[in-house]
Every structure is written in structure tokens, then in C-alpha cells.
1. Indicate the gyration tensor shape class of region 61-100 (rounded, prolate or oblate), computed on the Cα atoms with a ≥ b ≥ c the square roots of the eigenvalues: a/c under 1.5 is rounded; otherwise a/b larger than b/c is prolate and the rest oblate.
2. How high is the FRET efficiency between ASN111 and LYS186 when r is their beta carbon distance and R₀ equals 45 Å, given to the nearest 0.05?
3. If you stretched the chain out fully between SER59 and ALA150, how much longer would it get, using 0.36 nm times the residue separation minus the C-alpha to C-alpha distance?
4. At 0.36 nm per residue, and after removing the present C-alpha to C-alpha distance, how many nm does the segment from ALA119 to THR12 gain when stretched out fully?
5. What is the sum of charges around VAL21, taking Lys and Arg as +1, Asp and Glu as -1, for the other residues whose C-beta is under 13 Å from the C-beta of VAL21?
Amino acid sequence: MAEATAAAKSKTVSTLELFGVFLQIGATSFGGGVVAYLRNALVKNKHWLDDTEFLELNSLSNTLPGLNATNMAILAGDRLRGTLGAVLAMIGMCLPALILMTAAGIAYGMNGNRPIVTAALHGVAAAATGLIAATWFQIGKKTVKGFWDAFFILAAVLGINHFKLSVPVVLLSVGALAIFAYRPVKKTDRPHEDSHAWIRFLQ
């Protein structure tokens, strides 16, 4: 079934269209808010991925070294058009940033001490934060289900922000607990026990 779905997508998504979409995202997205642009383009507008697929790819991209946006472009491109799609998506995502950031770096070096430049950068940072928050709220409404989902999210947030643990340590620790909690279990003779996630977790 999964192979049939991937084959259907590869027939409907052209390489030129794929490159154009990621080129547009790379040219118009701001900072960490690129996740919102990726979701709007790939899930909401083009319907190339659904929220579950997008969340899976984004989770994987967050566990890999490098920029999240670049990782997402490579994973999504590969999902849609294989190796060629991954290469084109990566180029499309990175090319505008290469050109614009080179120009911005030169301009900032010449005018970075001006108050209006600092104010503009603060405004972009605030907008990026809002875009990220809005995106994760939209995804969370559809994908976070039950106590343990919320527990693992809270554990990851507290581990990184409150206890100042490194991201790899948190990912490995929380990930191991999540795998254990959601492991397949055999049906018991008492169906009501299988209906509670906390009982599954303690089995």
C-alpha cells in the first residue's frame, strides 16, 4: 500500500514543479518559521503530504545533523521523486538563501550598527516565533492523542529548556521511553486492560 502511494505521488509531482515549490519556499521563508512555509506548501496547498507524513519527516529531520529546513527538503524530495527529487529540493531550498544571505551579509557589514536594522531583525525573529507556534498548534491538534503523547512532549520540552540537557540526550531518552510505551503488546483475556495506555506502559 505504501509503495503504491509513493508511486502515485511520483507520477503526479513533476520535477520542475517540485524544484519551483522549494525555490519559492527558500526565497520567501524567514528563519525558524520555514517549518510553517513547508507545511503550507506541501500539506495545505499541494497536498503532496498529509500531516502525519509531514510530522514524521520533520521529526526525522530534527534528529539529523544540519539545518532542519535543508533536511526536510531532502527527505520530502526523496519521498516525492526519489534521489533526483531530493537533490532538486535541496538546491531549490538553499539557492535563494545563498544569494540573499551573501547580499545581506555585505549590507549588514556596512549598516549593521543602525537602529532601524536592529529593529527589523527583532521583528523578523518575533514573526518567525509566531509562525512556528502556529504551525505546531495546527499539527498538534491532529496528531497529539492521549496522555502519553502529551507526556513525552512535555518531557522533551522540560529536558531541553528547564534541565538544560543536550538535544541528543533528550531525543534518545524520551524516544526510548516512547518506543517502550507504544510497543506492540499481545491481547489479553481482559479487553478493558488494553484500552488504557498507562496499563500498556506498565506491562
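None of the figures in this text is laboratory data; all of them are computed from the coordinates on show. These numbers were taken from a predicted model, which means no experiment stands behind them. Quick reminder, even Gly has a Cβ in these numbers, built from the backbone with ideal geometry, and neighbours come from all protein chains shown.
1. Numbers: a/c = 2.94, a/b = 1.14, b/c = 2.57.
Because a/c hits 1.5 or more and a/b fails to exceed b/c, region 61-100 counts as oblate.
2. Efficiency for this residue pair is about 0.10.
3. Between SER59 and ALA150, full extension yields 31.2 nm more.
4. Values: separation 107, 0.36 × 107 = 38.52 nm, distance 4.37 nm.
Here the answer is 34.1 nm.
5. Values: positive: ARG39, LYS44, LYS46, ARG81; negative: GLU17.
Result for the neighbourhood of VAL21: +3.
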